[in-house]
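Below you'll find the structure, written out as C-alpha cells, and then a few comments.
The values are calculated or read from the model by the stated rules, or taken from the named source; none is laboratory data. Just so it is clear, the model here is predicted, and its values are computed rather than measured. Glycine also receives a Cβ, built like all others from the backbone with ideal geometry; neighbour counts cover every protein chain displayed. In case anyone asks, the SASA skips ligands and DNA or RNA and just uses the protein heavy atoms, side chains included. Shrake-Rupley method; radii C 1.70, N 1.55, O 1.52, S 1.80 Å.
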Amino acid sequence: MINIYTQIMLILVHMFLTYNVHEQGKRYYDNRIKKGKVIPKVYDIGMKYIPDLSEKKILEHIVNGIALILPLVFGRKVFVIYIQMSIYMYFIRHIFNTMTILPKDKKCKDDSFGWSNYIFGHCYDKIFSGHFASVLLVLLIAYDQKLITSRWISYIFITIYAILLIAIRYHYTVDIAVSVVVTLLIYNNLKDQILKQ
C-alpha cells in the first residue's frame, strides 16, 4: 500500500512533468511562429466529425470533475487499487508526452492556466489522455470488483466521455486510442499482482 507521503510526492512529480511538457511545447511552437513558420494543422478524424464545443466551459468542468471524483465514488478499495495502477500509467504518459508534443488547439490559451492545470493538463500534453485513462481504469477496477454489473453501461459512459474530450478539444482521437491500449495493458498486467496484496 502506498503511504500518503509517496502519494503527495507523486502528485508533485506529475505537476512538475506536466508543467515541463507545456513549457517545452509552448517554447517550440512560439519560436516557430516568431520565425514565420506555419504550424501545420493536424488532421484528426474525431475533430473533423465531432462538433467543436470548446467554448462551453461547463463541459470542461464536467470532464475534469468526472476524472477527479470518479476514483472516489466506488469506495476506498477501488481508490487504493486505482492509485497503485495509475502511478505506472502516468509515468508512461509522461514519457509519451515528452516524445511527441502535438500542436495545441487554436482556442487553447497558454496564459490562462492556474495551479489546477498542472494536475489536469495544459495545451500541449496530448498523447495520451490522462483524463480518459483515469476514467477507464476506474471503470475496469469497479467492474472487476463487481461494483458495476453491466459492461454496456461502462461502454456507453466511456464512449460519451471520449466524445466530450474530443468535442472540447482537450485531446486528439489518437490520444484516446493510445489511452485505451496503455490502460488495458497496465490493468491486465498488474491486476493479479495488486489484488493479491
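List of remarks:
- Exactly one residue out of VAL63, VAL42, VAL78 is closer than 20 Å to ILE168 by Cα and touching a Pro at 6+ places or on another chain (Cβ under 8 Å), and it is VAL42.
- Criterion (over 22 Å from VAL174 (Cα atoms), out of contact with any Gly (no Cβ under 9 Å at 6 or more places or on another chain), polar (S, T, N, Q) and not in a loop (DSSP other than H, G, I, E, B)) met by exactly one of THR6, THR98: THR6
- Residue list for the stretch 3-33, filter: among the hydrophobic types (A, V, I, L, M, F, W, C) and surrounded by fewer than 16 Cβ atoms within 10 Å (Cβ to Cβ): ILE4, ILE8, MET9, ILE11, LEU12, VAL13, MET15, PHE16, ILE33
- Within the stretch 147-194, the set of residues being outside any helix (DSSP H, G or I) and open to solvent by 20 Å² or more (accessible area, probe 1.4 Å) comprises LEU147, ILE148, THR149, SER150, ARG169, TYR170.
- Residue satisfying all of: in the stretch 69-88; closer than 20 Å to THR159 by Cβ and either open to solvent by less than 60 Å² (accessible area, probe 1.4 Å) or at pLDDT below 85 (or both); farthest from the chain's Cα centre (by Cα) among these: PHE74
- In the stretch 46-64, the residues that are more than 15 Å from ILE160 (Cα to Cα) form Cβ pairs under 7 Å with partners that are exposed (fewer than 14 other Cβ atoms within 10 Å of the Cβ), at six or more places apart or across chains, as follows: SER54/LYS107.
- Residue, modelled with the lowest pLDDT, within the stretch 41-57, restricted to residues that are open to solvent by less than 100 Å² (accessible area, probe 1.4 Å) and assigned to a loop (DSSP other than H, G, I, E, B): VAL42
- Residue match in the stretch 119-130 (condition: modelled with pLDDT of 85 or more, in contact with a helix residue (DSSP H, G or I) (Cβ under 6 Å, 6 or more places away or on another chain) and not basic (Lys, Arg)): yes
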